Structure formats: structure tokens, C-alpha cells
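Some notes on the structure that comes next.
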Amino acid sequence: MGVLDKLLRAGEGKTLRRLAAVSQAVNAIEPDIAALSDAELRALTDEFRQRHADGESLDSLMPEAFAAVREAAKRTLGQRHYDVQIMGGAALHMGNIAEMRTGEGKTLVATLPAYLNALAGKGVHVVTVNDYLAERDSEWMGRIHRFLGLEVGVILTTMDPPARRAAYNADITYGTNNEFGFDYLRDNLVYDPREMVQRGHNFAIVDEVDSILIDEARTPLIISGPTEDRSDFYRIIDGVVKELVHEKETYDLDEKQRQVMLSEYGSEKVEEMLAAAGHLGEDTAGLYDAANVSVVHHVNQALRANILYQRDKDYIIKSGEVMLIDEFTGRMMHGRRLSEGLHQAIEAKEGVDIQPENQTLASVTIQNYFRLYNKLSGMTGTASTEEAEFMDIYKMTVAEIPTNRPIARIDEDDEVYRTAREKNDAIARQILDCYTRGQPILVGTVSIEKSEVLSELLQAYEYEIDGKKKKGIPHQVLNARFHEQE
């Protein structure tokens, strides 16, 4: 407890003392709960529900409910919540963000407030970053909740409305932020309330909360419907732009702002080419005449597609479709399309089938969706750097939960290299060192392209072990191309 005592005396002491008091209260009743039979432990859920219905607050039920979940976890998973995990669970129940180091068991922590808040009968949403984790956690952690008599549901991309409605009617529902958000939008488009799948927004526990609520906060979730098919028009515009991009003086590129626009010379060339091909109105004064507004817009989108959007970095081609890649996670975003003709411009650029352009039917940002919840909480390993934003936007405070054991890892300062080649050579040397010592190593890159450059370097890398010369360091590439393997 030495490390914990030091932390309690630090600036955050008041919050941590409050959380530690919950942990101590749970420990005090643990022997009594452990003495119960399985049936008696299961019966506590009905007792807690009745007490809450009779007016007892969830806060006062917290120590007993947490002790019940800890005991259920021991009996179903063979895992007992550590004291610091109880503290993390209390922080989540209070509507805070629990900052816990990687490996401290955040998945297990979420079972505590999920169970406690499910007792109110209004539903609890546990938000994960992908379908795999939603399904895994609903099965794995769901064993605890089912043992205690709660229903657990999961929302997956492939599910139909009746299955979604059943999952939302469960006491605890697992799913991704996109699935929850899109279901909310679809519910706002139905004509009959009985067709809605969600039943309200009571309490959400968001995993990797800084990524979802801060990094992706402004990302709009959009439901759209198709407009008329203009495939030939996109291909014609793409052909014109492809002739332009070989001449740098035809466009102005701002890499920092991620913008590109035609130069005066470029505009003249586009006007000549389109007029010669008969794609500008005969009675118009030129490219920038009011009658040609749509043409100018699509020329600009084709320019963006050809200059700013790179294959295997911003998108990949899979089964003849342009699949966008999430810049934050490196994952493929199934069903997501760029708006205002940009996705069609990329399809024309790549020579794949062009899907009809869409019109927006419903839209909400991630930030506005999560502000619908009566109570919001989250977990992550890195939240303190965005503490001011969490407080300003969501009125959430960050509780830094101490580690169960003192940190043994030494975090060195960053190393900076002049060139990418020098950096990659240093990475290869580090990987070789780990490989020769038999230590597993995970290397993260910002794009598919860079992961494959590094892979090529490792395949060609020459080194010496025990006096023998070897070529190629064994490794496995995991990126959006190999989503299932990962």
C-alpha cells in the first residue's frame, strides 16, 4: 500500500480517497458474500433491484453490488478484481474517466458499474472500438452478468432490426460507437415508434474514451440515400484531371491544410479541354459561369482524389470497392463513404465501379450523440492530457487510478532522426535485438504503406548470429489488408 498512500497524499488525493473508501467497503463485506451459495449470490440481483425500486440510491448499493460482481468473476472467470480495479469501477459509476495503464484490466473493471447501473432497469451501453471486441467482451464478461441473472446483448454490423431491438432490451448492451450512433439515426427516420430499436440513453461506458470522444468527436455519422447515376460524367472529369496533375503549375497544393485547388493556368486548361469535348454549356461564358457550378465542383473533387488521397494509406481496394481506412485505428470502415462526390471521384480514379452519389437523410456527430446520455463515463490509458476538453465538453473529470503493482518499465525519452531511412534502420536494429533475445515486439505504424515499407526492410535485413550470416528477420504484418488475421 506504500505507493497508494503516496498517491492519496498527492493533489488528486480527495478523489482517490473517496474511491479507496469504496474499495475498503467492498473488502469489508467480501467474506460474507464469498460464503453465499451460487443461488444466494444470484438472488442478490433481485434484492438489489427491489431496494432500488423502494428508493435506495445506486451509490448506497455500490459496495454490495461490487462485492457480488467480484465474487461472480471469481466463480465464472477465476479472476478477482484488484482493489485498484474496484476504484476504477467506482470512478466510472460516478460519471468520471478512469485513466488506467495498459494491462491493468479495464475490460474487467467495466463489469462493476455496468452491473450496478443495470439494476435500475434502463439499460447500460458498453462502447468498444470494433465489432470483434464488442462480441468478445459480451461473451467473456457477459458470463459474469449472466451468472448474476442479467441479460447481455451485443450489436454487430450484420444484425437486422429485430435482433438489434432484442439486444437493446437486454440489461447490458455491447457495441461500437458507430453502431450505437447509426441506430439512433435510423430510429429518427422510422414512421412508426414500434420500429425503433433503441430504448433510451441512460448510461454509457466508453472504452478508449479519448479516441472516441475527443479524436473522433467531430466525425459526422451520416445516413444517406442514392441520387441519379452519373458514372460517365465522373470518368470524363477524372480523365481531364489526370492530364493536369502531371504539370505541377496547374494546381496549388497546401499539404498542411490538406487542400488543393486549380491555379489560373490550370483553370484555363480545364476550360479548354472541357469546351473541346462539349461538356460546358454552349451559351456559357466559361468554366466559372453559374451554369457550370456543378462541373467546377466535380473538377475540384477529382483533383482532391488524385492529389490528396493515396491508395493503401487513405483507402484500399477490396473486392472491387474503395474501402476507407480510419486514420486513428488503421481499420477498414465498412459502409462509410466520402460525401459530395469525393468517393465517386476516387472510384473513377481507380477504375472500379462507381456507386451513385448520395444525399444526406440524417446526421449526428459522435460528440452530440454521446451528450444524449444521462450519465457518461470512460476508460483509457491516456486521458489526463485532454482533461480540460473532457471537462469543457462533457463535464467529466479524469481519475488517475494507481497501478496494482509499482511500474517496473523504464520510459525513455523519444529518439529523433533526420531521415526516414535512419529511423527505419534504428527500428530494424531494435527489432533484431528483441528477436535474438526471444522477446516479442509490436511495432505500430501510421499507415498500411509504412508498415509494408518496414516489412520489406526486415525481409532484406542482413545480420550475423553465432558467426552465421543470415538474411531477413521473421515477422508478421498485421494491417487493414489482413483484418481477420489481426
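The values are calculated or read from the model by the stated rules, or taken from the named source; none is laboratory data. All values derive from a computational prediction rather than experimental measurement. Using ideal geometry, Cβ is built from the backbone for each residue, glycine included, and neighbour counts are taken over all protein chains shown. Quick note on the areas: whole protein, heavy atoms, side chains included, nothing else; ligands and nucleic acids left out. Shrake-Rupley method; radii C 1.70, N 1.55, O 1.52, S 1.80 Å.
Could you give me D for the chain, from Stokes-Einstein at 20 °C and 1.002 mPa s, where the hydrodynamic radius is the Kirkwood radius over C-alpha pairs? Units µm² s⁻¹, please.
It comes out at roughly 82 µm²/s.
Need one word for the stretch 182-247: rounded, prolate or oblate. Basis is the Cα gyration tensor (sqrt eigenvalues a ≥ b ≥ c); a/c below 1.5 gives rounded, then a/b vs b/c decides.
Note, shape of the stretch 182-247 comes out oblate.
For the chain, calculate the relative contact order in percent as a whole number, restricting contacts to Cα pairs under 8 Å that are 6 or more residues apart.
17 percent
Could you check what % of the DSSP bridge pairs in the chain are antiparallel, to the nearest 5?
That works out to approximately 45 percent antiparallel.
Tell me which residues come under 5 Å, amide H to amide H, from residue 224 once H is placed; ignore anything under 5 positions away on its chain.
Amide H neighbours of residue 224: 361.
Can you give me the % of accessible surface on the stretch 288-344 that is carbon or sulfur? Probe 1.4 Å, all protein chains present, nothing else counted.
After summing per-atom areas, the C and S share lands at 47 percent.
Can you tell me the orientation of helix 58-76 relative to the chain, as the angle in degrees between its alpha-carbon axis and the longest Cα principal axis, to the nearest 10?
So the helix axis and the longest Cα principal axis differ by about 90 degrees.
First measure r as the distance between the Cβ atoms of residue 185 and residue 393, then evaluate 1/(1 + (r/R0)^6) with R0 = 22 Å and state the FRET efficiency to the nearest 0.05.
The pair residue 185/residue 393 has a calculated efficiency of 0.60.
Mind pulling the angle between the C-alpha long axis of helix 448-460 and the longest principal axis of the chain? Nearest 10 degrees, somewhere in 0 to 90.
Taking Cα atoms only, the helix is inclined about 90 degrees.
In degrees from 0 to 90, rounded to the nearest 10, what is the angle of the helix 293-307 Cα long axis to the longest principal axis of the chain?
Between helix and principal axis, roughly 70 degrees.
What does the extension gain come out to for residue 272 and residue 360, with contour length at 0.36 nm per residue minus their alpha carbon separation?
28.3 nm
Taking N as the number of residues in the stretch 88-229, what is its Cα Rg relative to 2.2 N^0.38 Å?
Cα-based Rg divided by the globular estimate yields 1.08.
Mind giving me the FRET efficiency for residue 46 and residue 245? R0 is 41 Å, r the Cβ-Cβ distance, nearest 0.05 is fine.
About 0.05, to the nearest 0.05.
Using helices alone, what [θ] at 222 nm do you get for the chain, with -39,500 (n - 2.57) per DSSP H run of 4 or more residues, divided over all residues and rounded to the nearest 500?
For the chain, the value works out to -13500 deg cm²/dmol.
Can you grab the distance from the C-alpha centre of the stretch 190-213 to the C-alpha centre of the stretch 406-423, Å, no decimals?
40 Å
Just the ratio, please: alpha-carbon radius of gyration of the stretch 131-174 over 2.2 N^0.38 Å, N its number of residues.
Normalised by 2.2 N^0.38 Å, the Cα Rg of the stretch 131-174 equals 1.08.
Starting from the amide H of residue 151, placed 1.01 Å from N in the peptide plane, find each other amide H under 5 Å away whose residue is 5 or more places distant or on another chain.
Amide H to amide H, under 5 Å and 5 or more residues apart or across chains, residue 151 pairs with 171, 172.
Efficiency by 1/(1 + (r/R0)^6): what FRET value for residue 476 and residue 288, r their Cβ-Cβ distance, R0 = 41 Å, to the nearest 0.05?
0.20
Roughly speaking, to the nearest percent, how much of the stretch 369-486's 1.4 Å accessible area is carbon and sulfur?
Roughly 48 percent of what the probe reaches on the stretch 369-486 is carbon or sulfur.
For the chain, what is the accessible area per residue in Å² when the probe is 1.4 Å?
53 Å²
What's the local net charge at residue 167, with K and R +1, D and E -1, over the other residues with C-beta under 12 Å away?
-3
Based on the mean of other Cβ atoms within 10 Å per residue, sort peptides 237-247, 393-403, 74-84 so the most packed one is first.
Order by mean packing, descending: 393-403, 237-247, 74-84.
For a paramagnetic label modelled at 7 Å from the Cα of residue 382 toward its Cβ, which residues of the stretch 424-445 fall within the zone defined by backbone nitrogen distances under 13 Å?
Within reach of a label on residue 382: 444-445.
Give me the distance between the Cα centres of the stretch 108-177 and the stretch 295-352, rounded to whole Å.
Cα centroid to Cα centroid, the span is 34 Å.
Quote the relative contact order of the stretch 50-140 in percent (integer), defining contacts as alpha-carbon pairs under 8 Å separated by 6+ residues.
Once divided by the residue count of the stretch 50-140, the mean separation gives 28 percent.
What are the lysines whose alpha-carbon lies under 21 Å from the alpha-carbon of residue 318, with same-chain residues fewer than 8 places away excluded?
Excluding near neighbours in sequence, the set is 349, 450.
How large is ³J(HN,Hα) for each residue in the stretch 51-56, as worked out from phi by the Karplus curve 6.51 cos²θ - 1.76 cosθ + 1.60 (θ = phi - 60°), to whole Hz, x for Gly and Pro?
Those phi angles translate into 4, 5, 5, 7, x, 6 Hz.
Does the stretch 99-143 classify as rounded, prolate or oblate by the C-alpha gyration tensor (a ≥ b ≥ c root eigenvalues; a/c under 1.5 gives rounded; else a/b over b/c gives prolate, otherwise oblate)?
It is oblate, given that a/c is not under 1.5 and a/b is not larger than b/c.
Amide H to amide H under 5 Å from residue 341: which residues, 5+ apart in sequence or cross-chain, H placed 1.01 Å off N in plane?
358
Starting from the exponent 0.38 and prefactor 2.2 Å, build the expected Rg for the stretch 171-293 from its residue count and divide its actual Cα Rg by it.
Ratio of Cα Rg to 2.2 N^0.38 Å: 1.68.
Which peptide among 471-479, 50-58 comes first, and what is the full order, when sorted by highest mean count of other Cβ atoms within 10 Å?
Sorting 471-479, 50-58 by mean packing, highest first, produces 471-479, 50-58.
Cut-off under 16 Å on the C-alpha distance; same-chain residues fewer than 8 positions from residue 269 excluded. Which lysines are left, in chain and number order?
List returned: 242, 248.
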